[in-house]
Structures are given as C-alpha cells and as structure tokens.
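The values are calculated or read from the model by the stated rules, or taken from the named source; none is laboratory data. All values reported here derive from a predicted model rather than from experimental measurement. Please note: Cβ atoms are built from the backbone with ideal geometry, for glycine as well, and neighbour counts cover all protein chains shown. Side chains included, ligands, DNA and RNA excluded: accessible areas come from the protein's heavy atoms. Shrake-Rupley method; radii C 1.70, N 1.55, O 1.52, S 1.80 Å.
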Amino acid sequence: MAEDLAGRGLVAAEGDVSPDVVVVNTCTVTREATKASRMALRRAVKNNPNARVVAIGCYAESDPDEIAAIEGVDVILGNDGKDAFADALTARAATAPLLQIGGIRTTPVVQPRVRANLKVQTGCDEWCSFCIIPMTRGPLRTLDEDSVIADARARVAAGAREVVLTGVHLGKYGFDTGGDERDLIRLLYRLLDIDGLTRIRLSSILSAHLTDDVIDLMATQERICRYLHVPLQSGHDAILAAMNRPYRIDDYLERVEAAANRIAGVALATDIIVGFPGETEEHFEATMDVVQRIGFSKLHVFRYSARERTAAAAMPDAIHPDVKKDRSKRLISLGNDLRRSFLDAHLDRPLEVLVEDERVVDGVSVCSGQTSDYVRVWFEAAGLLGRMVTVVGHEVRADGIRGGTLVDARS
C-alpha cells in the first residue's frame, strides 16, 4: 500500500511532519489483535487531528460497523481494497475524494527493498473451527501466474534480491482453478528463471502440501531458502479433529520429517495454540513431545482466543485462563531452549547472508540480513546492500547473530 501511494507521488510523513493520511492495517485473528486494532485506530485519530484516518484489513472486513462507531475514522476498506489502494482512496467520493494525488507531495520516493513479499494467493477453504479467516479473506483465489511473474520481475528491477511467496493458503496455489501442488512447483521454476533473483522463500505451508515433488525441488535448488513454516497447532489427534485441521499427527510427522531428512540444513518453524476447548494435560504433553521430537527452530505460541461466528466459540470444556497461561509459559520455555540451540549451531562457521539493511549505529556502519534458514545476522560493514556475503558470527544476541566477521562479498 505504501508503494502504491509512493508511485502516485506521496511520501511517508517522518519526524515532525504532520501526515495527510494515516492508514491502519487491522487484524482480527485473535481478540487481542482486534483490541490492538481498535487502540491503534483511536491513537491515530487522537495523535493526528488534521489527518484522514483509514481502516483497512481483516477487522475492517469482519466488523465495519464497530469501526464506524469510532469517531474520527474517515474511510473503511476491506481486504480487496489493498490491491488498488490509491485508486480506492481517490474514488471514495466523486465530489470530495480523500486524496488529491499529486497535490499533497511532489517527489515520489520508493525505498528499495531487498526482500520483497510476493502475493500469489489469498482465501481459504479449510474452515478450521477456531479461525475467522475464511470469513475475512473469502474463498481460495489464485493470482494470475503471468501477473505474479511480472510483479516479481518488477521487484527485482527495483532492487529486490529475495521474494517471499505469500498467501493465506500457499499450498493450495492453483487449487481453485483445478490444479494441485504442481502449480506451485511450476511457479517456482518460472521464478528461478528470473535473472537477478537470488533467493525465493516460502512463507507458510501446510504439511499436506509438502509433497515429495515439492521437497525434491527445495532439496535440489539452493536458491529456494532452507526454511519451512509448517503450522502444527496441536500434537494430539483429538484436538486436531476438534480444530477441524486437515491432517493428523502421524501425517504431519511423516511429511515434516521427510523434509528434514531430504533438504540439507532446513529450519522448521511452526504455530501452536494452547488451551483449546477440551485440551487436557495429556493432549498438551503430546504437543510438547512433538515439538521436542521435531526440534523446531522457532515456535509461535498462541493462547486460544474464542472468535465469534466460529465453531469453536460454542464448544464446551473451556480451559481456565490460568491453565492457558501456564501451558503457554511451558511451551515458550521449550521453544526458547530449542531456539538457542539452533542459533548456537550458527556460531563460528561461515554464514551466507543477503544484506537487507545498512545503517549507522553510534558512528559505526552496521549491515544486517538473513541467512537462508532465516537467522538475522549483524556485522560492521558498508556499501553491501543487496549483496550476498559470507560472515562468521561470534555471539547470539537479540534472537540473531551479532559480532560477525566479514569473510567475502559478492554481487
């Protein structure tokens, strides 16, 4: 959305500059996210009395009337408004458009992004019992493949060296048009043909879509990042069934372990919900066992949050908040231990890093970037933005590697 506006001649209001428009991209995946979105909107109105305030995203899609009740919010746009954001703003009213494009700012400024998100799909058809996303994002919809490739080429031309394939249900890319996982593989091969594109990263994919062909492609193409985010949610079949997840634990383990065995150096991350209705201590311990068995590089732990209009919201056997808190704490502790072991394994050895950021800190130029397996590395250097470098790290700090020694730099 920022790029869309920048392309029309607007720039971000920085420092003491008063903005003309404030955009809040809302979320409603949990009650906490909804609350945070409301607070962000109220704060935007309070802190920017002369600006037009725009609400967009999933909360704006699911509960527009609630947002309309917040005094000072001028425009509410659903998720479809993101694809043509500037057009949506200028077309709000024929007599008084929200923005007079070209009349507010005159110098287009687009900050080069070394790692760019590439949206290839949206929507979901799984209807997990805890999830509101099918109502806010709609059914499966695959973006036109030629348009995706054109978008990728444009981003590379603008300075991107890595693209992250994003979608609500990435593994079902092409399914809505009668396809299967081979559509995703075909897309990946076409992306690999783009000159200047150093890396391709998958954002998140369900275990069921880690087919042998997908795994083999990742194992043989080094430009596809050695990182997989594979949501688990629970390690027990009874809870997976109650959640209406499209897999059972043996299926999950078989696919994830196949990927771990065949993709050299792959890092595995996951999402887990604790305190789902009916979750017993036995169920939770099963989840802990699966996490330990896989040895995930990163855990995203969520306490179950009931969402209106979802099947789980009406389920009996709600878990007491104190039990949720305790289970969350225990799982996060295990995840932190696994994370530290994962990061320790990156010390005192060469790391291939794509430099994404360069800034001066206390008078020293510091570069940072990501490894293929999604570890951030900081090191002292200058003039390397967008280049692949080899760094030896010496210290784990701030969930990454610091104090690196630069060994080599390539275009």
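Remarks
- If you go through region 243-258 and keep only what is of a type outside the set (Val, Ile, Thr), touching a Ser or Thr at 6+ places or on another chain (Cβ under 9 Å) and open to solvent by less than 50 Å² (accessible area, probe 1.4 Å), you end up with 243, 245, 247, 252, 253, 255.
- Pairs where the first residue, in region 302-317, is surrounded by 17 or more Cβ atoms within 10 Å (Cβ to Cβ) and the second is among the polar types (S, T, N, Q), C-beta under 7 Å, 6+ apart: 302/30; 303/328; 305/30; 310/129; 312/129
- Members of region 42-73 found to be under 21 Å from residue 17 (Cβ atoms) and either in contact with a helix residue (DSSP H, G or I) (Cβ under 8 Å, 6 or more places away or on another chain) or surrounded by 15 or more Cβ atoms within 10 Å (Cβ to Cβ) (or both), listed by number: 44, 45, 48, 51, 52, 53, 54, 72
- Hits in region 307-326 (condition: modelled with pLDDT under 95 and at positive phi): 309
- Check on residue 149, in a helix (DSSP H, G or I), touching a residue at least 12 places away in the same chain (Cβ under 8 Å) and open to solvent by less than 20 Å² (accessible area, probe 1.4 Å): yes
- Just one residue in the set 368, 328 is open to solvent by less than 50 Å² (accessible area, probe 1.4 Å), closer than 26 Å to residue 198 by Cβ, small (Gly, Ala, Ser) and not in a loop (DSSP other than H, G, I, E, B); that residue is 368.
- Looking only at region 13-32, and only at residues there that are touching a residue at least 24 places away in the same chain (Cβ under 8 Å) and part of a loop (DSSP other than H, G, I, E, B), the one that is least open to solvent (accessible area, probe 1.4 Å): 28
- All of 239, 224, 249 fail the test of being within 14 Å of residue 128 (Cα to Cα) and of a type in the set (Val, Ile, Thr), apart from 239.
- Looking only at residues in region 335-360 that are free of Cβ contacts under 8 Å to residues at least 24 places away in the same chain and either buried (at least 19 other Cβ atoms within 10 Å of the Cβ) or touching a strand residue (DSSP E or B) at 6+ places or on another chain (Cβ under 9 Å) (or both), the one that is farthest from residue 268 (Cα to Cα) is 360.
- Look at region 37-51: where a residue is touching a residue at least 12 places away in the same chain (Cβ under 8 Å) and a partner is part of a helix (DSSP H, G or I) and open to solvent by 40 Å² or more (accessible area, probe 1.4 Å), sitting 6+ places away or on another chain with Cβ atoms under 8 Å, you get 38/66.
- The set of residues from region 270-282 being crowded, with 21+ Cβ neighbours inside 10 Å and not in a loop (DSSP other than H, G, I, E, B) comprises 270, 272, 273, 274.
- For region 33-63, a residue qualifies if it is of a type outside the set (A, V, I, L, M), in a helix (DSSP H, G or I) and over 20 Å from residue 168 (Cβ atoms), and the qualifying residues are 35, 38, 42, 43, 46, 47.
- Any hit, region 257-264, residues being under 26 Å from residue 28 (Cα atoms) and part of a loop (DSSP other than H, G, I, E, B): no
- Matching option when the condition is more than 27 Å from residue 354 (Cβ to Cβ), within 23 Å of the chain's Cα centre (by Cα) and of a type in the set (Val, Ile, Thr), among 198, 177, 211: 211
- Of all residues in region 67-87, those being among the acidic types (Asp, Glu) and either at pLDDT below 85 or in contact with a Cys (Cβ under 6 Å, 6 or more places away or on another chain) (or both) number 3.
- Residue within region 337-350 that is small (Gly, Ala, Ser), outside any strand (DSSP E or B), at pLDDT 95 or above and farther than 30 Å from residue 278 by Cα present: yes
For every residue, the table says whether it meets (1) of a type in the set (Gly, Ala, Ser); (2) in contact with a Pro (Cβ under 7 Å, 6 or more places away or on another chain).
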site: 281; (1), (2): no, no
site: 294; (1), (2): no, no
site: 313; (1), (2): yes, no
site: 316; (1), (2): no, yes
site: 323; (1), (2): no, no
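- Taken over region 127-146, the criterion of being touching a Gly at 6+ places or on another chain (Cβ under 9 Å) and touching a residue at least 60 places away in the same chain (Cβ under 8 Å) is satisfied by 133, 136, 137.
- Per-region count, region 371-383, residues assigned to a loop (DSSP other than H, G, I, E, B) and either modelled with pLDDT of 95 or more or under 21 Å from residue 202 (Cα atoms) (or both): 4
- Of residues in region 384-411 being small (Gly, Ala, Ser) and assigned to a strand (DSSP E or B), the one least open to solvent (accessible area, probe 1.4 Å): 400
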